[in-house]
1. Ignoring ligands, DNA and RNA, what percent of the accessible area of segment 242-362 is carbon or sulfur (1.4 Å)?
2. Roughly how many whole Å is it from the C-alpha centroid of segment 375-390 to that of segment 274-327?
3. Provide the per residue accessible area, probe 1.4 Å, for segment 65-201, rounded to a whole number of square angstrom.
4. Go through 89-98, 160-169 and give me the packing order, highest mean Cβ count within 10 Å leading.
Amino acid sequence: MGLGGPPAWMLGLPMAVVYGSLALFISVLHNVFLLYYVDTFVSVYKINKAAFWVGEFLRSQPRSGAVLSRAVVLARVQALGWHGPLLALAFLAFWVPWAPAGLQFLLCLCLYDGFLTLVDLHHHALLADLALSAHDRTHLNFYCSLFSAAGSLSVFASYAFWNKEDFSSFRAFCVALAAGSGLGFVGATRLLRWQVEAVGRELECPALAVDGGICGEELLVGSKEPGSITLGQYLRQLAQHRNFLWFVGMDLVQVFHCHFNSNFFPLFLEHLLSDHISLSTGSFLLGISYVAPHLNNLYFLSLCRRWGVYAVVQGLFLLKLGLSLLMLLAGPDHHGLLCLFIASNRVFTEGTCKLLTLVVTDLVDEDMVLNHRKQAASALLFGMVALVTKPGQTFAPLLGTWLLCFYTGHDLFQQPPLAPVGSAQPWPEPPAPPPAQAPTLRQGCFYLLVLVPITCALLQLFTWSQFTLHGRRLHMVKAQRQNLSQAQTLDVKTV
């Protein structure tokens, strides 16, 4: 940070805008990654199924940063300044063949997912650190959704460059995205650090400006300071945190459903609607499905301010169940309703994922109150949520392809005219139904489309009904957290 300070007009930007802009630099990469990485390795690099499944399985293994991160505000901002550009470099490694397809897939996926986990962890943890009240946190989340929607526009631009036969123009497009994202992370984190340091000086809290602590008080798991705890003690405390356990159970299902929709959205469009909509319409639906959740989330956040996050999330689960049952009764031949359901299912599911960050910040407050911590362990708790729910994103593509193969006999990885060879597979191959009785691929896609959200909604409504951190209890926790903050630390509100 040895360069001079920023222009005065940049320091005058609201911190919520600077914080939200980090979501732009994540979204501009991650949406393109989600849309193209499977197609690139399956259709362009010709990866085999065993290598794909092994890569996805190893992706679900714990990352050390997801649990052991213990940074405070300035340290988190500095970490974002490093990990953001590294995420951009890991993104670039997907689009140039530099190793055998199976090995490249494994290494690229682990590197990218590891840096994405670190970036998401620090970004979400800052939400709990920069604001305490529900209003301020929804304000920060509003800007995250706004900038994420802007970043999702990269999906529309990608259609002009995507070509499986000539990959050079798409590679150049990805280089431009990575360069813009990496530079954006560097600039935004520097500006955010300057703003936080300025707040620390105004509050006459030198520790905030110098060593990243909040007036010198911080929770360090495994430190030697009096009152510190070991990682084992922290995990035992979490195991007794009833609301945390119910939440991660619900969120595991939500992560699975979000990634299931991302992975199979193009497949549903192709096999359920390709004969009834034009290619440009399908491309538009695919692109808008990445932008609409963030715009829709702006409305959801206004509902959260009025009714509370718990009621809004519960309403979204009921809506998901109702729409899925209606689609199941209507059948696959109502193409207008089917088109609306495919789009709305992804939009509402992704919108729910965005709101759950606010619930985790409330869990951070409850954890601090229950265990009488000097400072909120926000990074640790966000990391534990990410760790426990990580298998959801791995099993989404694996379970989806297995169910489709089991029900219809169709193997998405089959590459004619070559027949599958070898018997070593990470999952036993399901027996295909006899050809005369095998349902069509269209039928299989339809039942997968409606039965997965019905199952997820029922599981989530049950687990969410056991979650008690809302209403009077939430107000009580907020009041006690506020008292702890006033007694032990300076309450830094910078929204």
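1. With neighbouring chains kept in place, the figure for segment 242-362 is 68 percent.
2. With segment 375-390 and segment 274-327 each reduced to a Cα centre, they are spaced 26 Å.
3. 36
4. 89-98, 160-169
The values are calculated or read from the model by the stated rules, or taken from the named source; none is laboratory data. Bear in mind the structure is a predicted one, so any value in this text is a computation, not a measurement. Heads up, the Cβs are rebuilt from the backbone with ideal geometry, glycines too, and the neighbour counts pull from every protein chain shown. Just the protein is used for accessible areas: all its heavy atoms, side chains included, with ligands, DNA and RNA removed. Shrake-Rupley method; radii C 1.70, N 1.55, O 1.52, S 1.80 Å.
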